[in-house]
Amino acid sequence: MKQTSNLLAKKQAQYLYQSLNLTVISLFFAISMFFYLFWELQQIQDQLINWYLANLFILALRIGVAGFYQRSSDKSNPQKWIYLFIFGSCLNGTLISFIIFLAPDNLDYYYTYVLLLVGTMAIASIATLGIVKKAFFAYIASLLVPLAIFFLTHSNELQSFHFYGYLIIFLFTSSAAIRINKSLISAFTMEIDNAILTKKLTQETDVRIVAEDELRDKALELQLLNENLECKIKEKTSELENLAFYDTLTQLPNRHHFYEYLSRTLTRNKITLEPFALFFIDLDEFKNINDTLGHDFGDELLIKVSSRLRDSTRVDDFIARISGDEFIVIIKGHLNENKIAEIADKIINTIAQPYTFSNAQTFISCSLGISLYPHDADSINALVKYADLAMYHAKENGKNAFHFYNNGLYEKKAKKFILATALKTAIKNNELYLVYQPQVCSQNAQVSSIEVLLRWNSSRFGPVPVDKFIPIAEETNQIVELEDFVLRTALQQVKFWNKQSDKQFRIAVNISTLHFRNKHFIKQIETILSQTDFNPELLELELTESALVKETQQSIEKLTYLKSLGLKISIDDFGTGYSSMSYLKQLPVDTLKIDKSFIDGIPDDPNNKAITKAIIVLAHQFHLETIAEGVEHQHQLDFLKEVGCHLVQGYYYYKPLTVDEFEKEFKLSTTAQ
């Protein structure tokens with residue numbers, strides 16, 4: 001509403017000032033007419049000239065205001081311009097009517113002319129001033145007031161007639177002006193409302209067009225985003241499928257993909273009855289590659305191995321990497337065992353070829369197990385398990401080979417599992433015990449030390465041979481717990497015997513490779529020595545060559561620390577493993593134990609005699625003691641004495657003795673608790 005009123009006022013002001021030129025011309029002719037009609041009255045000519053000039057000045061002033069309005073940029077307050085216009089109109093009207101006071105007395109025609117001209121001017125003003133009622137009535141009032149004053153002060157019959165006639169003209173013009181004002185205001189209001197409505201419609205149309213454009217742009221943007229999203233979803237789906245079904249390193253199918261593929265194959269083959277062979281492949285000593293050359297090198301090697309597997313198989317065969325260094329190959333078709341063996345042998349030979357890298361060359365072999373469908377099994381788990389068993393059998397028999405599954409492998413594996421399970425409870429059930437085999441001086445037959453040996457008398461299986469349960473203990477990581485039991489029990493027992501005897505027996509305990517490489521090994525030895533309060537100078541640890549030659553620097557550091565505690569170190573089964581002059585020179589050891597396999601052939605086998613003598617001479621050169629294991633005959637003892645072996649151990653002197661047997665043999669009456 002306020003906006004409409006303001007627009008109407010602007011419209012009124014615009015109308016008034018646009019019509020001002022016509023109004024000024026009309027007023028100019030009107031005052032000129034007055035000037036012409038009354039110029040003959042010589043007595044008022046001077047006043048008439050002044051009156052005429054005053055009117056011209058007012059008209060010029062109004063033209064100036066109109067020009068200023070047209071040029072003005074500030075039309076925000078239209079009422080101000082309307083009031084300026086009204087003020088100018090009132091000045092003109094008052095000055096024009098004032099002419100009646102210039103007329104001589106009793107000049108009736110003069111009054112009639114004035115009345116007619118003023119009436120005519122009043123009627124003429126309706127067209128322009130009717131747009132603003134207050135402008136019209138202010139103008140009419142400016143014309144009427146001087147006349148009314150004159151006629152009221154110069155009253156006669158004719159003047160009264162003139163006055164009443166002027167009132168009639170005023171009433172007529174006022175009525176007409178009001179009707180014209182209403183019509184013009186209505187027209188202007190309608191025009192303004194139409195303009196506002198048009199503007200709103202235009203704005204709404206513009207808004208709608210902008211909104212449609214924005215909506216169209218958004219739709220296009222959404223379409224592009226949707227297409228982009230679809231592409232990304234497809235890419236991510238492809239990536240997820242690739243991650244779900246393929247190994248990221250070798251791009252071979254992964255374990256999940258393999259099991260799905262084998263499941264589909266078995267479902268299909270139940271109808272087609274098409275046989276196939278499943279190869280379970282494991283790289284030999286791959287952990288050593290990672291440990292020595294690094295995991296990045298190991299990854300590169302796996303990629304090359306995968307490539308060679310592809311080259312060694314047919315296009316229709318399926319290859320998968322199911323874990324770190326384990327692969328599965330499914331060989332399809334009606335092939336006999338000889339043909340399957342040829343393919344397995346080709347794979348083994350291909351993988352065994354040297355691998356060349358930018359700065360190194362390395363070798364690796366593999367062990368391969370084979371299960372056959374449907375000959376060996378018709379289920380996923382059984383086929384994989386049987387091929388795995390066959391692969392481990394190949395490893396146990398020298399590696400770099402393949403082996404077909406047979407029922408005997410499963411039975412062997414099952415027995416090992418049962419033994420491993422029983423071994424876990426052997427300590428708690430008091431099924432383990434120690435025997436002690438004296439080590440004797442070859443020159444005077446005096447016992448100088450004792451080797452401790454572990455025995456297992458199972459409540460379920462009876463006596464279990466050492467060569468059966470020790471490998472199982474190493475495979476299942478139980479060896480550390482067993483050797484902890486051996487050390488604690490043996491140290492307590494020998495400490496007690498040393499208190500009961502005038503002799504100070506030195507004790508030798510076997511330590512496995514796994515235990516020696518354990519990061520807590522040194523701490524465990526120190527803890528046991530402290531808890532048993534055993535003299536470390538009477539403890540000798542027997543280690544195999546394999547435990548020492550790998551990670552030589554770490555082995556040297558460990559052995560050096562152990563010797564600083566007072567312990568002695570011996571190399572067990574010397575000559576059967578990685579015998580090397582370089583590491584023997586570096587390792588801080590005290591004794592070499594000559595393996596029983598060399599003693600057995602003496603004196604009939606010249607090679608065994610030569611090897612044994614060479615070991616003893618070598619030990620003397622490095623200022624090491626020697627102990628010969630497995631001495632059972634006099635002629636063996638005589639030879640060892642002759643070549644300078646310090647100590648001997650075997651059934652010729654003593655078999656391994658139980659605690660009771662040892663105490664009886666050496667007259668030690670009380671057993672340690």
- Task: Scan the stretch 450-473 for residues that are under 54 Å from the mean Cα position of the chain (by Cα), under 15 Å from ASP572 (Cβ atoms) and not hydrophobic (A, V, I, L, M, F, W, C) and report the count.
- Result: 1
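Considering GLN531, GLN443, GLN439, which residue is under 30 Å from PHE639 (Cα atoms) and surrounded by fewer than 17 Cβ atoms within 10 Å (Cβ to Cβ)? If you could, list the steps in order and put the result at the bottom.
On the way: GLN531 fails: under 30 Å from PHE639 (Cα atoms); GLN439 fails: surrounded by fewer than 17 Cβ atoms within 10 Å (Cβ to Cβ).
Going through GLN531, GLN443, GLN439 in turn, the sole match is GLN443.
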- Query: From the residues in the stretch 507-528 that are open to solvent by 50 Å² or more (accessible area, probe 1.4 Å) and assigned to a helix (DSSP H, G or I), which one is nearest to ASP595 (Cα to Cα)?
  - Reply: LEU514
- Note on the structure: Filtering the stretch 308-324 for residues that are in contact (Cβ under 8 Å) with a residue 60 or more places away in the chain and crowded, with 16+ Cβ neighbours inside 10 Å leaves a count of 5
- Message: Anything in the stretch 559-581 that is open to solvent by 10 Å² or more (accessible area, probe 1.4 Å), in a helix (DSSP H, G or I) and either at pLDDT below 90 or farther than 25 Å from ARG488 by Cβ (or both)? List them, or say none.
- Response: MET581
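If we scan the stretch 187-207, do we find a residue that is over 30 Å from TYR15 (Cβ atoms), at pLDDT 75 or above and assigned to a helix (DSSP H, G or I)?
Scanning the stretch 187-207 turns up at least one residue that is over 30 Å from TYR15 (Cβ atoms), at pLDDT 75 or above and assigned to a helix (DSSP H, G or I).
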- Where residues in the stretch 542-553 are touching a helix residue (DSSP H, G or I) at 6+ places or on another chain (Cβ under 7 Å) and open to solvent by less than 30 Å² (accessible area, probe 1.4 Å), which of them is nearest to PRO656 (Cα to Cα)? LEU543
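Going by the conditions given, is PHE534 under 28 Å from GLN446 (Cα atoms), in contact with a Ser or Thr (Cβ under 7 Å, 6 or more places away or on another chain) and aromatic (Phe, Trp, Tyr)?
No.
Return the residue satisfying two criteria in turn: it lies in the stretch 418-436 and is hydroxyl-bearing (Ser, Thr, Tyr) and touching a residue at least 60 places away in the same chain (Cβ under 8 Å), and of such residues it is most open to solvent (accessible area, probe 1.4 Å). I'd like the intermediate steps shown before the answer.
Of the stretch 418-436, the ones hydroxyl-bearing (Ser, Thr, Tyr) are 421, 425, 433, 436.
So of that shortlist, the ones also touching a residue at least 60 places away in the same chain (Cβ under 8 Å) come out as 433, 436.
Numbers: TYR433: 95, TYR436: 2 Å².
The extreme case among them is TYR433.
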- Note on the structure: Taking first residues from the stretch 641-657 that are on the phi > 0 side of the Ramachandran plot and second residues anywhere that are assigned to a strand (DSSP E or B), the pairs with Cβ under 9 Å that are 6 or more apart or on different chains are GLY644/THR626; GLY650/GLN437; GLY650/VAL440; GLY650/ALA628; GLY650/GLU629
- Message: Take the residues in the stretch 17-76 that are among the charged types (D, E, K, R) and in a helix (DSSP H, G or I); name whichever of them is nearest to SER89 (Cα to Cα).
- Response: ARG62
- Message: Let me spell it out: the conditions are (1) touching a Ser or Thr at 6+ places or on another chain (Cβ under 7 Å); (2) open to solvent by 50 Å² or more (accessible area, probe 1.4 Å), and CYS90 meets all of them except one. Which number is the exception?
- Response: (2)
- Query: Before we move on, is ASN349 of a type in the set (S, T, N, Q), open to solvent by less than 90 Å² (accessible area, probe 1.4 Å) and over 37 Å from the mean Cα position of the chain (by Cα)?
  - Reply: yes
- In the list LEU302, LEU249, which residue meets the criterion of being open to solvent by 30 Å² or more (accessible area, probe 1.4 Å), aliphatic (A, V, I, L, M) and either part of a loop (DSSP other than H, G, I, E, B) or modelled with pLDDT of 90 or more (or both)? LEU249
- Whichever residue in the stretch 305-333 is more than 21 Å from MET391 (Cα to Cα) and of a type in the set (D, E, K, R) and, among such residues, is modelled with the highest pLDDT: ASP311
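Is the stretch 585-598 home to any residue that is within 53 Å of the chain's Cα centre (by Cα) and more than 20 Å from ILE525 (Cβ to Cβ)? Lay out the reasoning, then the answer.
Going residue by residue through the stretch 585-598, those that are within 53 Å of the chain's Cα centre (by Cα) are 585-589.
Remaining after also requiring more than 20 Å from ILE525 (Cβ to Cβ): 585-586.
Yes, the conditions are met somewhere in the stretch 585-598.
Residues checked against (1) at negative phi; (2) of a type outside the set (Ser, Thr, Tyr); (3) within 52 Å of the chain's Cα centre (by Cα):
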site: PHE496; (1), (2), (3): yes, yes, no
site: SER501; (1), (2), (3): yes, no, no
site: PHE505; (1), (2), (3): yes, yes, no
site: HIS520; (1), (2), (3): yes, yes, yes
site: THR544; (1), (2), (3): yes, no, yes
site: ALA547; (1), (2), (3): yes, yes, yes
site: GLN554; (1), (2), (3): yes, yes, yes
site: LEU567; (1), (2), (3): yes, yes, no
site: ASP572; (1), (2), (3): yes, yes, no
- Item | Residue check, THR476 open to solvent by 20 Å² or more (accessible area, probe 1.4 Å), of a type in the set (Val, Ile, Thr) and modelled with pLDDT of 90 or more | no
- Task: Give me a count of the residues in the stretch 621-646 that are part of a helix (DSSP H, G or I) and surrounded by 14 or more Cβ atoms within 10 Å (Cβ to Cβ).
- Result: 5
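The values are calculated or read from the model by the stated rules, or taken from the named source; none is laboratory data. All figures in this text were calculated on a predicted structure; none of them were measured in a lab. Note that each Cβ is placed from the backbone with ideal geometry, even for glycine, and that neighbours are counted across all protein chains shown. With ligands, DNA and RNA removed, areas are computed over all heavy atoms of the protein, side chains included. Shrake-Rupley method; radii C 1.70, N 1.55, O 1.52, S 1.80 Å.
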